[in-house]
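Here's the structure we're looking at; comments come further down.
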Ligand SMILES: [Zn+2]
């Protein structure tokens, strides 16, 4: 079967996206082909803007359009509490629950000696620095409930406790080995409310 090259290339590129197999990629490519030019242009602009307009917040490493993200800039947030998460996408997951009004700190991953992820490759230094300049009373550890997330939580708790900070972790309502990003809002919201000391 001979397929026109632009279509082949589009299918190839789309199938590189997570969760998109060849069949879905083909369906999306055909859908785009049949769409209005404006709709396709809007999609192209949205994708380009992701790379052009977004960066990481200099303070918490959340996605941001400027040096500091909207959460760091907000006057309405509780500046005494920081929720520590693995990825910026976890901030979005927790924000959707509307249960947390504090600040965030994105680690950029979890400790994984086997894959070469050491404390230096995460934003741990930057987190500790925040204790010097910000009046932080509580740190909520909201890492994924898998082996590496657990090990990282214990490592962080050990580092922070001597600094006189109340370190808590989100409740175990999340499925073990599950991913925060894919848990439903109610489960994440409950897990934050029912946090406990670590
Ligand atoms: Zn920020």
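The values are calculated or read from the model by the stated rules, or taken from the named source; none is laboratory data. Here the structure is a predicted model, which means the values were calculated and not measured. When we count neighbours, we look across all protein chains shown, and the Cβ atoms used for this are built from the backbone with ideal geometry, even at glycine.
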Practice task
Look at the stretch 129-153 and say how many of its residues are under 21 Å from residue 56 (Cβ atoms) and touching a residue at least 12 places away in the same chain (Cβ under 8 Å).
Solution key: 12
Problem - Among the residues listed as 81, 117, the single one being more than 16 Å from the chain's Cα centre (by Cα), modelled with pLDDT under 95 and surrounded by fewer than 20 Cβ atoms within 10 Å (Cβ to Cβ) - result: 117
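Each row is one residue, and each column tells you yes or no for (1) loosely packed, with under 14 Cβ neighbours inside 10 Å; (2) touching a residue at least 60 places away in the same chain (Cβ under 8 Å); (3) part of a helix (DSSP H, G or I); (4) touching a strand residue (DSSP E or B) at 6+ places or on another chain (Cβ under 6 Å).
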{"position": "104", "(1), (2), (3), (4)": "no, no, no, yes"}
{"position": "127", "(1), (2), (3), (4)": "no, no, yes, yes"}
{"position": "155", "(1), (2), (3), (4)": "no, no, yes, no"}
{"position": "162", "(1), (2), (3), (4)": "yes, no, yes, no"}
{"position": "171", "(1), (2), (3), (4)": "no, no, no, no"}
{"position": "192", "(1), (2), (3), (4)": "no, yes, yes, no"}
Practice task
Considering (1) more than 30 Å from residue 10 (Cα to Cα); (2) in contact (Cβ under 8 Å) with a residue 24 or more places away in the chain; (3) more than 10 Å from the ligand (Cβ to nearest atom), say which one residue 33 fails and leave the rest.
Solution key: (1)
Completion exercise
When (1) surrounded by 14 or more Cβ atoms within 10 Å (Cβ to Cβ); (2) within 14 Å of the ligand (Cβ to nearest atom) are applied to residue 65, the one that fails is (1)
Exercise for the section: Would you be able to say whether some residue in the stretch 43-61 is out of contact with any helix residue (DSSP H, G or I) (no Cβ under 6 Å at 6 or more places or on another chain), within 16 Å of the ligand (Cβ to nearest atom), touching a residue at least 60 places away in the same chain (Cβ under 8 Å) and under 30 Å from residue 129 (Cβ atoms)? Expected result: yes
